[in-house]
Amino acid sequence: MKRKKQYIKMKIPASIREAMLTDLRRPHAWAFERVGFLYTKSKVLKDGTTLILATGYTPVDDDDYIQDNSVGARINTDSIRKAMQEIFDKKCGCFHVHLHNHSGKPGPSSTDLAGLPGVAKSFSNISGSQLNGYLILSENSFYAQVWHTDKKTFLSPFQVSVIGYPLELHFDEKLQEIISGVYKRQSFLGKFSSQQLKHARVCIVGYGGGGSHIGQQLAHVGLFNTVIYDGDKIEDSNMNRLIGGWFADIKKALAKTAIAKRVIKKILPKANTITIDSRWQADPEWLQGCDVVVGCVDTYAERQQLEAECRRYLIPYIDIGMDVFAAEDGGFEMPGQVILTMPGTTCLHCFGFLTEEKLGKEAALYGAVGGNPQVVWPNGVLASTAVGIIVDLITGWSGKQQASIYLAYDGRSGLIEQHIRARFAPQECTHYPIELAGPVSFQKI
Amino acid sequence: MKFPETHVEELKKVAPDLSYAEEGGLPYFLIKNLPMPDGCNPAVSDVLLCAAPRDGYESRLFFPKIIAGKAGLNWNGNLRVLDRNWVAFSWRTAGGKTLVEMLMVHLNGLRK
């Protein structure tokens, strides 16, 4: 389903936004404003969405400012040349950045409009298919313009997101409080939460015991846009836990994605539910365009690949899973996990959840890892916890700011609490540096 | 991840169209248009060499699709890495090999 008009989605990691604000607020010896360059990788997805992913920021050197009291800042050709070198070396795009130090949505001054478009166009001469433009920050908002080489015009992104906890989702439309009787009991999510939930897109990978709870709950909460991957059809062994599955579906060998669509549509008739009847790897671009991804998968290998893709496309990744095994006292242990990993911060490897040893042991089984015990109530606990995290990421209702989450579930006691590894895991991730985000570019040797 | 310059140069002699990227802290060498052993179909293929332990293997060689030719190979490495889908057959190598040795050992797996 192709989008009707140009839909640009820009993502900026929170660490880069923080770095930009810190830098641009510094006083300069004579310039009234500071300038920097935001480097990006862009990609056009098959549904027409253009993704622009910020991967790095470089301030303009102090010596590269020209003294000119008639403007906020004037930079010399050396600074532009350095930016162009970076574009050429990294095969990336570039946005000229400066700050209007107030809150609320900034707008370009007449000086900005006179000077900045030319800079963006000049970058386009050497950046190939990578997009360029200019970005004006305020304390809490953005103004962005993207130079579209083919259309020979500047376009505004529909969405500029800061990838942190919570996500800051800025849409190119007036903030509106949508008053609805349906959602009046969740007004604590925030005045603009309905608008945020209307536009955000969540991907569910695996629509089984965990994913089916999540699909249903997100519809109830008013999330309009979901992407669901599952290549399986319902079988009798799914009936103990597949939310929304009917007994009659088994005989029809109904696809799990069809069950997802049915459930969601009955709750939220105007929902936009994209379903893909295959592994996500067979059609990854739907995932790449999402704001949050939840993995409800069976293997460590699948988790590793999902997280790697999410890191590449600057998407928060939530992983849920459970297991049941014999305990020493003759009963059964029922451990589970809900883990949120955010681009730039602690990943599943950093947490020690994924290790080479676990991946190796699993690979040695040659794919015979399925058939683990699964029941509806722990799936529900883990899925509901994940939904709470998703809604908090999108709306920020809790007021919490945190880099990542690792919750351990004990099905025997019913407790869900922070995993001890969360206390000792490194905050900064060395496995997936932000500068490697975006469509891959190999370095020629 | 750093490799001795001599190892990289040695690999480049065998695989001139060579480039490099990392993902998940692991190093990958992309070799384009590498001739496959006799009897393989296709006769030429891109390959992706993971030159560090992953998934219980000391190193791994990935292909864009299954290479037909030698029977009995266990193509168990169907995964996505570096923004693309790859497949690999199960083939154990010893540790401590140079890059070109790794590549050759894996390619030997395709020889009839």
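Quick notes on this one:
Per-residue answers, yes or no, for (1) surrounded by 19 or more Cβ atoms within 10 Å (Cβ to Cβ); (2) among the hydrophobic types (A, V, I, L, M, F, W, C); (3) farther than 29 Å from A:Leu242 by Cα:
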site	(1), (2), (3)
A:Gln374	yes, no, no
A:Trp377	no, yes, no
A:Leu393	yes, yes, no
A:Gln401	no, no, yes
A:Ser404	yes, no, no
A:Thr430	no, no, yes
A:Ala437	yes, yes, yes
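- Qualifying residue in segment A:227-240 (condition: in a loop (DSSP other than H, G, I, E, B), of a type in the set (Ser, Thr, Tyr) and surrounded by 24 or more Cβ atoms within 10 Å (Cβ to Cβ)): no
- Looking only at segment B:50-78, residues that are over 14 Å from the mean Cα position of the chain (by Cα) and assigned to a strand (DSSP E or B) come to 1 in all.
- Taken across segment A:241-259, residues that are touching a residue at least 24 places away in the same chain (Cβ under 8 Å), in contact with a helix residue (DSSP H, G or I) (Cβ under 7 Å, 6 or more places away or on another chain), crowded, with 23+ Cβ neighbours inside 10 Å and farther than 20 Å from A:Leu382 by Cβ do not occur at all.
- Answer residue from segment B:4-28, given it is open to solvent by less than 40 Å² (accessible area, probe 1.4 Å), farther than 20 Å from B:Ile67 by Cα and touching a residue at least 60 places away in the same chain (Cβ under 8 Å) and is farthest from the other protein chains (Cβ to nearest Cβ) among those: B:Leu11
- Only a single item in (1) in a strand (DSSP E or B); (2) open to solvent by 20 Å² or more (accessible area, probe 1.4 Å) is not met by A:Phe95, and it is number (2).
- Among the residues of segment B:29-73, the ones that are surrounded by fewer than 18 Cβ atoms within 10 Å (Cβ to Cβ), within 14 Å of chain A (Cβ to nearest Cβ) and basic (Lys, Arg) come to 2 in all.
- The set of residues from segment B:79-102 being free of Cβ contacts under 8 Å to residues at least 40 places away in the same chain and assigned to a strand (DSSP E or B) comprises B:Leu79, B:Arg80, B:Arg84, B:Asn85, B:Trp86, B:Val87.
- Residue in segment A:152-164 that is farther than 21 Å from A:Gly48 by Cα, β-branched (Val, Ile, Thr) and not in a helix (DSSP H, G or I) present: yes
- Residue match in segment A:61-76 (condition: in contact with a Leu (Cβ under 8 Å, 6 or more places away or on another chain) and part of a loop (DSSP other than H, G, I, E, B)): no
- Qualifying residue in segment A:318-333 (condition: of a type in the set (D, E, K, R), in a helix (DSSP H, G or I) and in contact with a helix residue (DSSP H, G or I) (Cβ under 9 Å, 6 or more places away or on another chain)): no
- Among (1) part of a strand (DSSP E or B); (2) surrounded by 14 or more Cβ atoms within 10 Å (Cβ to Cβ); (3) over 23 Å from the mean Cα position of the chain (by Cα), the one test that A:Glu417 misses: (2)
The values are calculated or read from the model by the stated rules, or taken from the named source; none is laboratory data. None of these values were measured; they are calculated from a predicted model. Cβ sites come from the backbone with ideal geometry, for glycine too, and all protein chains shown count toward neighbours. These accessible areas exclude ligands, DNA and RNA; they are computed on the full protein's heavy atoms, side chains included. Shrake-Rupley method; radii C 1.70, N 1.55, O 1.52, S 1.80 Å.
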